[in-house]
Every structure is written in structure tokens, then in C-alpha cells.
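Step one of this worksheet: look at the structure below.
The values are calculated or read from the model by the stated rules, or taken from the named source; none is laboratory data. Because the structure is predicted, anything quoted here is derived from the model rather than measured. Positions of Cβ are generated from backbone atoms using ideal geometry, with glycine treated the same way; all protein chains shown enter the neighbour counts. The accessibility values were calculated without ligands, DNA or RNA, using every heavy atom of the protein model including side chains. Shrake-Rupley method; radii C 1.70, N 1.55, O 1.52, S 1.80 Å.
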Amino acid sequence: MLTYDLEARGKLPLYEYLYRCIRQDILGGTLPTGSRLPSKRALAEHLQISVITVEGAYRQLEAEGYICARPKQGFFVSAVERLPVPSAPASVPAEATAPAWRLDLGRNRVDLSRFPASIWARLTRQVLSEGNFLDPVPHQGLYALRRAIARDLRDFKGMSAAPEQIVVGAGAEYLYLLLAQLLRDSGRQPVFAVEDPGYPKIRQTYGKCGVLCRPVPLDAQGLDLQALADSGASVAHLSPAHHYPTGLVTPIGRRQALLRWAEEMDGILIEDDYDSEFRFAGRPIPTLQSIDGSGRVIYLNTFSQMISPSLRIGFMVLPPRLLERYRRELGFYACTVPVLEQHVLARFLSSGCYEQHISRMRKEYRSRRAAVLDAFRHSPFARRVTISEQGAGLHFLLRLDTSLSDAALRERAEARGVRLGFLSDYAAAPNPAYAHTLVVNYAGLDPARLREAMDLLAGIFTP
């Protein structure tokens, strides 16, 4: 008769503990294949528990295939493989913990203290009270959100885009994954031109999707046209409004030339409109999509810089020539953004709160940028640095007059608890012209700590 110490079950339900004990005896060979189990009543009387408890354990064992019932005979052990002799658990490397930097100029981030928490909470309560956030949404995203995005693009960027052209996804990287699949050419390996220097995640994401990325160097106006033509690419991924990390703005003549290249190649331009909302001098730069008359531009943007990176909501605007292909080939994908967040963001946009938030953040970052630049220009190392900035974005370039390599500067900085970002980190191919040039991301830099920051940097930059 099966005997178990039922007092050792802890917080487990009695039937589940009994099920586990019998299962262990079966897997360990104590109960061999074909052996008959005690009847439910007999085992219940022996263990002094209810028949219902034994029945629950037997039912679970039968459902998982450990035992089988034979009419008018009872329950018998099924043929299962025995458990191997337990071995020492494999060592699993611990996850790397992010360092606690005293000063972090290398990470591109926003000031999270400026997140409109009270407004977001109010809109969230409204959506929750109405209950429709549980309804399914189209695979391209909530229509109300796409309509609000289309209206925002029309009013502030001069773009003509219907809600039906917009695809909502969980951040830029996810949209890159979709584009890599969408733009495959008859099963052949696609070739994408990417900016060099440029955001490394673009190359990394496309590469993992089987896309061959050809880095194309930049000149003073953006992507070098001759290098683009020589690359053999049929798709070009670029940021014409404000390139990261150089800050270059592509002028109208080069934009028109890029559109001609796309027409001649029967190609596509992916316009990654990174942080173009933060332009502090003059009017916003019109998008490439707004002057595209042939449906050659895919427009892509996110709300990471404007609201919060953790929101993980991005979108792309597909030209009509690609929309039907997207629906036919990729329409089986469900939208990857939680429905509740889509409803809240749609209200945030349509109510005017987003426009007000952008206005406040523009003012805040304009002031912060001026304070940071002033601190650098009056720092102990001011004569040894040259600042390059375009009056836009949340970063600028700083070239340091030094004999130290970027690696040596990085080592000195990390020893003092400072993270620096270098232009050379963004280059696909080494280029001596990028040496000693820092990409300074200032958005997360507290103005109250500028003096401390300059003192830390002085200790790094001084020979």
C-alpha cells in the first residue's frame, strides 16, 4: 500500500501533494510500468483522507499520462521514461548589473522627472472607467490612436497621411523587424544602406533579420550620393531632419536627389525622424515624406524622446504602394502595444495635452542646453574643446584636443565613475576623423550638478 507523510505537504493542497508523491514514485521506478494502483477507496482509508482527494490526484495523473484506467480493473502505471540520476545544477552566469555612474553623458535619455504623470493618470482612469480597453484592436493598432497620430503629423509636420497608412508597434526596433521582412525582394537577401556613423542598433537589428547592411559615409549634407549608388542597396535608412549622432540636417537639394535615386532604383527610403521635435532655432525641418510624390518614403517615429522610452510606442507611415503588401504578407502579426496604453496615448494626443507637453519640454531643454553649453565654455578645459551643435536635439558633439586615444579616455572616465560616449562608437568602419570626439547627451544632466560635472571632466581631460 502506498504510504506518504502528508504532514510534509506544506501549503500545497492535499490532492496535489498526493499527486506529486505518486508521480515521483512512477518516475523513480518505485512503481513499475503496469503495476496496479490501490483503489481510490482503499488508498483513502489507508491514508485517512477523503476519496475525493484521492480521486483528484488520480485524475491529474491520468490527464498527464502517468496512469491509465482499465474498465472494471482499476488504475495502472503507464510506460514512462525513468528520471535520470540528478546531476549538479549547471552554473548560470549572473545578469550584469548596470553601473551606478556619478556622471553619465554617454546614454541617450530624457528627463523622466518631467513625465506628465498626473495627466497620464487622469486619462488612464477615464479609459478604465469606460471599460473598452479590453476590446481587440486591429493589427495595425487602435484606430483612434492612428487617427490622432495622422492629425498630429498633418498639423505639425505638414504630412498627408491617412490613419489606414499607419502601423503602431512596440518601439523602433520592432518596426525595423517588420521592415526587414516587408522589404525582402523576391526571397533574395535585401541590401540596406545605413548611415555611417549611425545608430548601431539599426545595423544590429537589420543584420539579425538577414539583411545585408552597407554602411554609407556622410558628407556635409548627409548620405554621400556616390557612395550610396556604389553600395548596391535598394533601401536606404536615414535621418534627414537631425542625424544622430552628428546632428547633420539634409538640405532640400540632397533630399530631392535622394528621392530621384529611389525612383531610379525602384527603391525605398526609410525616414527615421529621430528627435526632430526638439529644434530650438527656427521652424521644424519639413519631413522627407512631405515632399515625396512617388510613394518612396516610409516615415518612422516613436514617442520615446517626447514622452518616455519605457512607453515603447512607435509608428510608421507606409506609402500606398506598400500598404497592401504589408497587409497581405504581415497582417497576421498582432499589434504589440498594450491596448490600454494605446487608448491613453490617443487621448493624450487628441486632447492637446501632447502639444502642451512638447512645448514645455522644448522650453526646458532649450534652457538646459544653454546652461550645459555655457558650463563647457567656461570650464577649466574650455580652450581644449570645440563644440559642434545644430540648435536641435538632445545631444551635441565635443571635440577634445588630446593625445589620448578614445579607449584611454574611456578608461580614465570609468575609473572616476563617468560614462562617456564617443563618435567612433557609432562608426561601422574606423575613421581617424572621429577620434577624440564625444557625443554629449545632456538631457539627463541635472543643471544643479553642472559644476560637479565640469570638475569630474577636468580630471579626465587634463593630461
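Yes or no, residue by residue, for (1) modelled with pLDDT of 95 or more; (2) part of a helix (DSSP H, G or I); (3) not polar (S, T, N, Q):
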{"site": "Asp25", "(1), (2), (3)": "no, yes, yes"}
{"site": "Thr33", "(1), (2), (3)": "no, no, no"}
{"site": "Ala44", "(1), (2), (3)": "no, yes, yes"}
{"site": "Ala69", "(1), (2), (3)": "no, no, yes"}
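Residue pairs whose Cβ atoms lie under 6 Å apart, sitting 6 or more positions apart in sequence or on different chains, and linking a residue in the range 158-169 that is in contact (Cβ under 8 Å) with a residue 60 or more places away in the chain to a partner that is basic (Lys, Arg) and open to solvent by less than 20 Å² (accessible area, probe 1.4 Å), are Ile166/Arg146. Taking (1) more than 27 Å from Leu259 (Cα to Cα); (2) touching a residue at least 60 places away in the same chain (Cβ under 8 Å); (3) of a type in the set (A, V, I, L, M, F, W, C) in turn, Leu323 satisfies each apart from (1).
Within the option set Thr246, Thr287, being outside any helix (DSSP H, G or I), open to solvent by less than 20 Å² (accessible area, probe 1.4 Å), over 26 Å from His343 (Cβ atoms) and hydroxyl-bearing (Ser, Thr, Tyr) holds for one residue only, Thr287.
Which pairs have Cβ atoms under 8 Å, sit 6 or more apart or on different chains, and link a residue in the range 231-244 that is within 17 Å of Met265 (Cβ to Cβ) to one that is modelled with pLDDT under 90 and not hydrophobic (A, V, I, L, M, F, W, C)? Taking only residues 6 or more apart or on different chains, the pairs are Ser234/Asp185; Ser234/Pro190; Val235/Pro190. Looking across the range 110-137 at every residue that is open to solvent by 70 Å² or more (accessible area, probe 1.4 Å) and modelled with pLDDT under 85, the one that is nearest to Lys363 (Cα to Cα) is identified as Arg114.
If I ask for residues that are in contact with a helix residue (DSSP H, G or I) (Cβ under 9 Å, 6 or more places away or on another chain) and either among the aromatic types (Phe, Trp, Tyr) or within 24 Å of Phe156 (Cβ to Cβ) (or both), which ones from the range 366-392 would you list?
Let us first name the residues in the range 366-392 that are in contact with a helix residue (DSSP H, G or I) (Cβ under 9 Å, 6 or more places away or on another chain), namely 367-368, 371-372, 374-376, 378-382, 384-385, 387, 389, 391.
Scanning the range 366-392 gives Ser367, Arg368, Phe376, Phe381, Glu389, Gly391.
Restricting attention to the range 140-161, the residues that are at pLDDT 95 or above, touching a Lys or Arg at 6+ places or on another chain (Cβ under 9 Å) and surrounded by fewer than 20 Cβ atoms within 10 Å (Cβ to Cβ) add up to 1. Among the residues making up the range 397-421, a single one is open to solvent by less than 40 Å² (accessible area, probe 1.4 Å) and without any contact (Cβ under 8 Å) to a residue 24 or more places away in the chain: Ala408.
For the range 18-74, a tally of residues being among the hydrophobic types (A, V, I, L, M, F, W, C), within 18 Å of Asp5 (Cα to Cα) and open to solvent by 40 Å² or more (accessible area, probe 1.4 Å) returns 1. When Leu269, Leu311 are checked against the criterion of being under 25 Å from the mean Cα position of the chain (by Cα), surrounded by 15 or more Cβ atoms within 10 Å (Cβ to Cβ) and at pLDDT 95 or above, Leu269 stands alone in meeting it.
Do we find a residue being without any contact (Cβ under 8 Å) to a residue 40 or more places away in the chain, of a type in the set (Gly, Ala, Ser) and either in contact with a Lys or Arg (Cβ under 6 Å, 6 or more places away or on another chain) or open to solvent by 10 Å² or more (accessible area, probe 1.4 Å) (or both) anywhere in the range 383-394? No: zero hits.
Counting residues in the range 366-373 that are without any contact (Cβ under 8 Å) to a residue 24 or more places away in the chain, hydrophobic (A, V, I, L, M, F, W, C), over 18 Å from His436 (Cα atoms) and open to solvent by 40 Å² or more (accessible area, probe 1.4 Å) gives one or more.
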